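A short worksheet on the structure shown next.
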Amino acid sequence: MLVRLMYASRASGAIDQDTLAAILKKSKAHNPTVGVTGALMLCPASGVFLQVLEGGRAAVNTLYNRIVADTRHRDVVLLSYEEIDERRFAVWSMGQVNMQRLNPALLLKYSETATLDPYAVSAKASMALFDELVATASIVGQG
Ligand SMILES: Cc1cc2nc3c(=O)[nH]c(=O)nc-3n(C[C@H](O)[C@H](O)[C@H](O)COP(=O)(O)O)c2cc1C
């Protein structure tokens with residue numbers, strides 16, 4: 001039984017590249033051991049995280065609870081939780097959205113300004129953004 005979960009949060013302080021790298025390193029080491037895949041996006045302009053986790057229901061729920069307790073971010077809001085037939089992020093244990101390569105027009109397509117603000121738009125819009133990021137090869141990070 002597979003589920004897909006998406007949440008948004010705000011970085012507690014300024015998240016530097018080392019902190020982000022540490023989060024991704026941990027994710028890439030841990031997620032394959034529990035069969036979780038997904039993608040993580042951090043908007044430098046707004047300090048907002050958007051993450052998708054998919055995998056077995058128990059594995060996703062356990063990991064989400066662990067992530068929520070992480071003090072490196074706050075204001076964690078569950079945007080979407082659904083049972084799925086197949087994964088969309090199967091090739092990434094935790095893919096990273098390359099914000100440098102991201103066309104601002106893609107952010108504008110789904111929101112009022114060209115910054116990531118999942119708090120202001122529908123979960124459907126944030127998921128559509130992720131779908132486009134997958135389609136436009138804007139997600140990096142092997143395995
Ligand atoms: C925005 C964000 C996303 C995270 N995503 C993951 C993840 O996908 N997988 C993971 O294992 N840890 C992730 N973490 C780290 C966990 O919150 C937590 O620090 C880690 O799993 C704890 O591991 P430890 O108890 O072995 O130190 C994330 C943290 C943050 C702030």
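The values are calculated or read from the model by the stated rules, or taken from the named source; none is laboratory data. The structure presented is a predicted model; accordingly, all values stated were derived computationally and were not measured. For neighbour counting, all protein chains shown are included, and Cβ atoms are generated from backbone atoms with ideal geometry for every residue, glycine included. All accessible areas refer to the heavy atoms of the entire protein, side chains included, with ligands and DNA or RNA removed. Shrake-Rupley method; radii C 1.70, N 1.55, O 1.52, S 1.80 Å.
Condition check ((1) part of a loop (DSSP other than H, G, I, E, B); (2) under 23 Å from Thr136 (Cβ atoms); (3) within 14 Å of the ligand (Cβ to nearest atom); (4) touching a strand residue (DSSP E or B) at 6+ places or on another chain (Cβ under 8 Å)) across all residues:
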{"site": "Gly13", "(1), (2), (3), (4)": "yes, no, yes, no"}
{"site": "Leu50", "(1), (2), (3), (4)": "no, yes, yes, yes"}
{"site": "Leu53", "(1), (2), (3), (4)": "no, yes, yes, yes"}
{"site": "Tyr64", "(1), (2), (3), (4)": "no, no, yes, yes"}
{"site": "Phe89", "(1), (2), (3), (4)": "yes, yes, yes, yes"}
Restricting the range 15-42 to residues that are within 9 Å of the ligand (Cβ to nearest atom) and in a loop (DSSP other than H, G, I, E, B), the residue that is nearest to Val76 (Cα to Cα): Ile15
Options Ala125, Ala114, Ala45: the member that is in a helix (DSSP H, G or I) and away from the ligand (no atom under 15 Å from the Cβ): Ala125
Test set (1) more than 9 Å from the ligand (Cβ to nearest atom); (2) part of a strand (DSSP E or B) - Leu106 fails condition number: (2)
Filter pass, Tyr81 being aromatic (Phe, Trp, Tyr) and open to solvent by less than 70 Å² (accessible area, probe 1.4 Å): no
Every residue from the range 26-58 that is of a type in the set (Lys, Arg) and out of contact with any Gly (no Cβ under 9 Å at 6 or more places or on another chain): Lys26, Arg57
